[in-house]
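Asks: Handing you this structure, nothing more for now.
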Amino acid sequence: MADFRDQIRGPVVPPAGARRPLGVGDVEIGGGPFGRWQRINREAGIALGRERMESSGVLSNLRWAAGEGEGPYRGYRFQDSDLYKLLEAVAWEHGREPAGSYRAFVAESAALLARAQRADGYLNSHYQTVKPDRVFAELEYSHEMYCAGHLFQAAVAAVRTGCGEGAGTPGPGGEEPGDQEPGGELLAVARRLADHLVDVFLTGGHGGIDGHAEVETALVELYRLTGHRPYLELASRLVDGRGKGLIADVGTGPLYAQDHLPVREAGTPVGHAVRQLYLDAGVVDVAVETGDASLLESSVRRWEDMVATKTSITGGHGSRHDGEAFGERYELPPDRAYNESCAAVASIHWSWRLFLATGQGRYTDLIERTLYNAFAASTSADGTRFFYVNPLQRRTDLVEDAYLGRRREWFACACCPPNIMRLVSSLGHYVATADDDGLSVHQYVPGLIRAGAITLAVETGYPWDGRVVFTVREAPGTARTLRLRIPAWSAAGDLTPGPDGYAAIRRAWRPGDTFTLDLDMSPRLVHPHRRIDALRGCVAVERGPLVYCFEQADQDTDVEDLALEPGTALRVVDRPDRPDLAGVGRTVLIEADAVRLPPAPAAGLPYFTTPAGLHTDPSTDLSTGTRTTATAIPYHQWDNRDGGAMRVWIPLAQGRTP
Ligand SMILES: [Zn+2]
């Protein structure tokens, strides 16, 4: 197909509609946290990922499948997907700033995949080497389509950024080299596998569904790239096949893989969080491509219920370690919050598709919350260590919990690090959209936005500072509308948002025109919904898009003995003279008046016949020695120092006031 979609070098390119996404290279992110994440991802993260493809066995598994090496197979059965996610990240990096080494990596990887691929198009190193007689026979946990989906997304990225064009080798059946296919060999490999899936699952009568959703959204994007409608039809079949018992129960119950109800009837997100979130990204894609309003409405309904009852203040999802799953409504424990980094990625994918479909700012608001908090916290300040799980509290006795306690370079199950990398590399895609009437800005980052005939320079110290100054560099000379998202947490001065959450400014813009957005960066004390039992009696601190936390390194007393004073002022501690905190970098701290609670009994049952704990002892005089200061740091910057305790939600002292 040759239409506007061919010009967009981004991960999600829906049909022509009111909003057109931009490519990763159309937005130059020139600083701020987004800019820093992209820089360290490019300089450190991707290099780490490439090294790990070798050391973790991903490449040796594929060589074995290609008949060029030996076993044993190493890692989980979905190990191939680590490479696919890294390839996608590399392709988006190439789209931001081309590099020969990226093209070479994609070409080498594509050639290896082509050699490993079976003649019929099947490709999965685990099943080809370890369980060749179980291909597509245990889809409930095989991840075969999940891996395929990540390959499709990598191939789409490689084509859209020109990173996949290189020398090809003959296909496994001896057909012409992959470079006969516009877009290169990675796309050729991906299409052979996608065609095989169509042969087996759409026209071949195999009624199975992968227990881990992901391929649905990937198939739709591959359809968008190629125009080959069976890919969309297969995605549609997989979406609507859920809730019919087609996924065998492996002891986790039907909710785990969202097989409890047809998606059109499911009212709330359930089960394994990443599966649900990827599934819903695919639901929106299918709904948009087929014009299926009721399908789209079901996804909107689940999103709204998730936001209202199952979302951490950081934007994280998944309350349960058991099954890496959504919990019940209002089951949002801070200490046991799972909040997998992959769930943050998947949530952003879903919300972005809903925004493109509806234009509603509540979706881009959640993206902002998730990006700056649940997602940003996943990566260390130096970009080389990652969280798998992102709790809102850490006690000191959990610090050495090796797998989950602190960020690590990599994981035996390494789904998160390369997933983080592919989103960081494509951040520019989520900043703004173009439309026939102008452009909309969703995320405020310093740099340059090129959207059709309009080029906009953005200067801002966001999220540390709320002033955003826009300068028109190019404009068509006729009236155009610039829309700015006004976050729900902010008043916006003289700019009043419409019902969609966006303020519109319509003018015949000329180069040199400027306008300023001032967002309210006053710190906020936030109280939880009364039904969230795990947070009762606690408050949190936010400023701008940032959620704060109290980390032990910044306190003069045990963080578990701190309670904020009712009515405390929140003082912003921005130190322009010394902006960088050791180990953390640029930050803005917030101080609050606090109480050092009296010592708690350390022996005997921790239950009492009179209220205890948060109530300061009647004999305690808050003015002589128990008052102190609690200092909060942005949540995304925690765990960059000594590994001490941390809590986002902190008790509010009750009883006496001084
Ligand atoms: Zn993960």
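The values are calculated or read from the model by the stated rules, or taken from the named source; none is laboratory data. Predicted model, so just to flag it, every value in this text is computed and none were measured. Glycine gets a Cβ as well: all are built from the backbone with ideal geometry, and neighbour counts include every protein chain shown. The accessibility values were calculated without ligands, DNA or RNA, using every heavy atom of the protein model including side chains. Shrake-Rupley method; radii C 1.70, N 1.55, O 1.52, S 1.80 Å.
Asks: Compare the peptides 97-106, 359-368 by average per-residue count of other Cβ atoms within 10 angstrom and give them in order, highest first.
Replies: Output ranking for 97-106, 359-368: 359-368, 97-106.
Asks: Compute the long axis of helix 215-226 from its Cα atoms, compare it with the longest principal axis of the Cα atoms of the chain, and write down the angle in degrees, 0 to 90, nearest 10.
Replies: 60 degrees
Asks: Gap in Å between the Cα centre of the range 483-543 and the Cα centre of the range 433-452?
Replies: About 18 Å separates the Cα centre of the range 433-452 from the one of the range 483-543.
Asks: In addition: Which cross-chain or sequence-distant (5 or more) residues have an amide H under 5 Å from the amide H of Arg627, H modelled 1.01 Å from N in plane?
Replies: For Arg627, whose amide H was placed from the backbone, the distant partners under 5 Å are Arg596.
Asks: Here's something else I'd like to know. Counting pairs of alpha carbon atoms under 8 Å apart in space and at least six apart in sequence, what relative contact order in percent does the chain give?
Replies: In percent, rounded to a whole number, it is 13.
Asks: Please compute the net charge surrounding Gly477, taking Lys and Arg as +1 and Asp and Glu as -1 over other residues with Cβ under 12 Å from its Cβ.
Replies: Once positives and negatives cancel, what remains is +1.
Asks: Hey, what do the phi angles of the range 34-47 turn into as Karplus ³J(HN,Hα) couplings, whole Hz, using 6.51/-1.76/1.60 and θ = phi - 60°, x for Gly and Pro?
Replies: 4, x, 5, 4, 5, 5, 6, 5, 6, 7, 10, x, 5, 5
Asks: While we're on this one: Could you give me the ³J(HN,Hα) list for the range 335-340, computed from phi with Karplus coefficients 6.51, -1.76, 1.60 and θ = phi - 60°, whole Hz, x at Gly and Pro?
Replies: 7, 9, 4, 7, 6, 4
Asks: Something else now. Whole number in Å², please: accessible area per residue of the range 1-123, 1.4 Å probe, ligands, DNA and RNA not counted.
Replies: It amounts to 38 Å² per residue over the range 1-123.
Asks: I've got another one for you. Compute the signed sum of charges (Lys and Arg +1, Asp and Glu -1) over the other residues within less than 12 Å, Cβ to Cβ, of Ile486.
Replies: Net charge in that neighbourhood comes out at -3.
Asks: While we're here: First select every other residue whose beta carbon is under 9 angstrom from the beta carbon of Val220; then total the charges, Lys and Arg +1, Asp and Glu -1.
Replies: My count for the surroundings of Val220 gives -3.
Asks: Just to confirm the number: angle between the C-alpha axis of helix 273-290 and the first principal axis of the chain, 0 to 90 degrees, nearest 10?
Replies: 60 degrees
Asks: Which angle between 0 and 90 degrees, to the nearest 10, do you get for helix 80-96 versus the longest principal axis of the chain when only C-alpha atoms count?
Replies: 80 degrees
Asks: While we're here: Whose amide H sits under 5 Å from the amide H of His442, counting only residues 5 or more places off or on another chain, with H placed in the peptide plane?
Replies: Ala432, Thr433
Asks: For Gly327, what residues show an amide H to amide H distance below 5 Å, using hydrogens built from the backbone and excluding near sequence neighbours?
Replies: Gly318, Ser319, Arg320
Asks: Quote the FRET efficiency, to the nearest 0.05, computed for His529 versus Asp437 with a Förster distance R0 of 35 Å and r equal to the Cβ-Cβ distance.
Replies: Between His529 and Asp437 the formula returns 0.35.
Asks: Right, next: With no solvent and one equal point scatterer per Cα, compute the Debye intensity ratio I(q)/I(0) for the chain at 0.05, 0.06, 0.07 Å⁻¹ and report its log10, rounded to two decimals.
Replies: Here the Debye-derived log intensity ratios amount to -0.23, -0.33, -0.45.
Asks: Can you work out the Karplus-derived ³J(HN,Hα) for every residue in the range 505-513? Use 6.51 cos²θ - 1.76 cosθ + 1.60 with θ = phi - 60°, whole Hz, and x for glycine or proline.
Replies: 10, 10, 7, 8, 5, 10, x, x, 4
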